[in-house]
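Encoded as structure tokens, the structure appears first; notes follow it.
The values are calculated or read from the model by the stated rules, or taken from the named source; none is laboratory data. Note that the coordinates shown come from a computational prediction; the quantities given were computed from them, not determined experimentally. Methodologically, a virtual Cβ is constructed for each residue, glycine included, from the backbone with ideal geometry; neighbour enumeration extends over all protein chains shown.
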Protein chains: 2
Amino acid sequence: MNRWNGAGRRIHMQEVGTRDGLQAESVFVPTADKIGLVNSLSRAGMAKIEVTAFVSPKAIPALADAQQVMLGIERVPGVIYSSLVPNVRGAERAIESRTDELNLVMSASETHNLANLRMTQAQSFQGLCEVAALARQAALAVNISLSCSFGCPMEGEVPEDTVLAWCARFIDEAGAGGITLCDTTGMAYPSQVAALTARFRAAWPDTELSLHFHNTRGMGLANVLAGIDAGADRFDASLGGIGGCPYAPGASGNVCTEEVVHALQLMGYDTGVDLGRLLDASSRLPALIGHETPSQIVKAGRRLDLHRPPRDLEAIRERAEARAV
Amino acid sequence: MNRWNGAGRRIHMQEVGTRDGLQAESVFVPTADKIGLVNSLSRAGMAKIEVTAFVSPKAIPALADAQQVMLGIERVPGVIYSSLVPNVRGAERAIESRTDELNLVMSASETHNLANLRMTQAQSFQGLCEVAALARQAALAVNISLSCSFGCPMEGEVPEDTVLAWCARFIDEAGAGGITLCDTTGMAYPSQVAALTARFRAAWPDTELSLHFHNTRGMGLANVLAGIDAGADRFDASLGGIGGCPYAPGASGNVCTEEVVHALQLMGYDTGVDLGRLLDASSRLPALIGHETPSQIVKAGRRLDLHRPPRDLEAIRERAEARAV
């Protein structure tokens, strides 16, 4: 036993591959395949699935079938089916499509907010409040995702106080029940994650906190472990590690769901996920998106997926022992 | 401050790309380029460099120029120039070539030892003792690397007690001054690493302990951090993350030197390494080996290598603010 041992602690895995992953792909994955993918993830035991985004089909054609997907999936009891919505119009479509939870987004960096969302932060926040009010009327859960919580690829460092000030407004003014601190472009590092997570947890012990990491600079899993150590128990991840990053062509995307689950299970955490089912789903991804994924576990297998010894092992031993005489 | 913060603690980075990395490549990197690579790594501040292996050129043609490389490199004071030697003949060649330290290898798994080294463990151990005696005569340091210390791809689990019993024999009978626990095929996981490292450190506080991880299943950096937490301060890594694994085609190789250094520096550890020089060297690797490396940092840049905001950022802001009226 040591402090790296999970000792059965529950960690909630939240799949974002069907949204954050597929929206970065150039191909349109057929609606039936998207539904099949979400159903596989439900049956594998994910705690939450960000199924799609109710955005303009012109802006993100890959997710133009949001409504059909959301209405077409099986609803496994206990799984939260979330979707990203950018505005009131999207929220209305999401609510009509029986979304369990709305995920709203703005950035901790004004430059990134303008560049990505074409709005000032003040405008984004006002929009979030409107959508949150609508969700409250419809008795839907609201989560707010704060992009660039660990740094902005254009501005650089984003102070902890800035991040926490936005979190306070999300909770106090917008009435968010959950907040996701997003490492949008893979700038987070473990000591930073532990520090920010601890401050969040101390300030809001009862708010659902999720951490969203990208493996852009190889620190994804280490950041997850630092987050757990500081009190987080909900993590976004994407099947196969798809997702990419517009600022780092060729680099990995979101942390890979099966890699995180594989590691956490070995360490004794309870993810509630059936890794075999997850790997089955992940192995079908390349056919859907037209290329291999960054998943190491799909290539290497699980830790104890053993290999056969050489057929002539006994002959090798005999020759070796004969040499020694 | 939190326990993920390095607080200036010294971590010794040991480069193995020129041996573990290049031996896995199908191309022969010209001798002058190998020498240039080692010199770049010396100047970047690596604590130790496993320059090459004095093995049969028939077994590993990629390292057939071991002697020329070892004799051709610059010797930067303070850097340890190590080489892998499989037997007395190799050790003699290594000593003639002015190697600082001999690195000897056997496996914690009998099956892996037979399959890889074509000897029983008992034979390997006897050979190590002979080489170690020769090194002692020549006043050279001896390190022993124990393959499969965290699991065998054919046998499965390797008990901690088995690993520690070999370590005891390396120290007591062979007189090794250093031991490397090798995660040969990427089976190590953080809680296991912390537990084994802590037991080693408790048993032999004065023996130089190195940890050697592969990123085969995405746990490389997390394993490094777990090792540090349990008292390790020396880590093998390979430039660009080259190295691969014969049991997992397409999976990552050794943990990537620049990824580990980048993460540790952000966390406040003192690696003594100039990351800029390391990245320069890594960016020249693809031309030498004929393909891209798994390095994420080469693709994504350092955390604070910033990107320009959109040229029309002010126009975006003006349009956004006009909409709000």
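Taking the numbered list (1) touching a residue at least 24 places away in the same chain (Cβ under 8 Å); (2) touching a Lys or Arg at 6+ places or on another chain (Cβ under 8 Å) in turn, A:Leu114 passes all entries but (1). Checking each residue in region A:137-158 for being without any contact (Cβ under 8 Å) to a residue 24 or more places away in the chain and away from chain B (no Cβ under 14 Å) picks out A:Gln137, A:Ala139. Of the candidates A:Gly253, A:Gly290, the single residue that is loosely packed, with under 15 Cβ neighbours inside 10 Å and of a type outside the set (S, T, N, Q) is A:Gly290.
Suppose we filter region B:155-173 for residues that are hydrophobic (A, V, I, L, M, F, W, C), in a loop (DSSP other than H, G, I, E, B) and surrounded by fewer than 21 Cβ atoms within 10 Å (Cβ to Cβ); how many remain?
Within region B:155-173, residues that are hydrophobic (A, V, I, L, M, F, W, C), in a loop (DSSP other than H, G, I, E, B) and surrounded by fewer than 21 Cβ atoms within 10 Å (Cβ to Cβ) number 0.
From the list A:Asp233, A:Asp206, A:Asp229, which residue is within 14 Å of the chain's Cα centre (by Cα) and surrounded by fewer than 24 Cβ atoms within 10 Å (Cβ to Cβ)?
Numbers: A:Asp206 fails: within 14 Å of the chain's Cα centre (by Cα); A:Asp229 fails: within 14 Å of the chain's Cα centre (by Cα).
Unique residue meeting the criteria: A:Asp233.
Return yes when A:Ile179 is hydrophobic (A, V, I, L, M, F, W, C), at pLDDT 95 or above, closer than 27 Å to A:Ile242 by Cβ and touching a strand residue (DSSP E or B) at 6+ places or on another chain (Cβ under 9 Å) and no when it is not. Considered against the rule, which asks whether it is hydrophobic (A, V, I, L, M, F, W, C), at pLDDT 95 or above, closer than 27 Å to A:Ile242 by Cβ and touching a strand residue (DSSP E or B) at 6+ places or on another chain (Cβ under 9 Å), A:Ile179 comes out as yes. A single entry from A:Glu292, A:Glu314, A:Glu318 fulfils the requirement of being closer than 13 Å to A:Cys256 by Cβ, among the charged types (D, E, K, R) and more than 7 Å from every other protein chain (Cβ to nearest Cβ): A:Glu292. Of the helices (runs of 4 or more DSSP H) entirely within region B:35-119, those holding at least 1 residues that are modelled with pLDDT of 95 or more and within 19 Å of the chain's Cα centre (by Cα) occupy B:66-72. When B:Met13, B:Met70 are screened for being surrounded by 15 or more Cβ atoms within 10 Å (Cβ to Cβ), in contact with a helix residue (DSSP H, G or I) (Cβ under 8 Å, 6 or more places away or on another chain) and closer than 19 Å to B:Arg98 by Cα, only B:Met70 passes.
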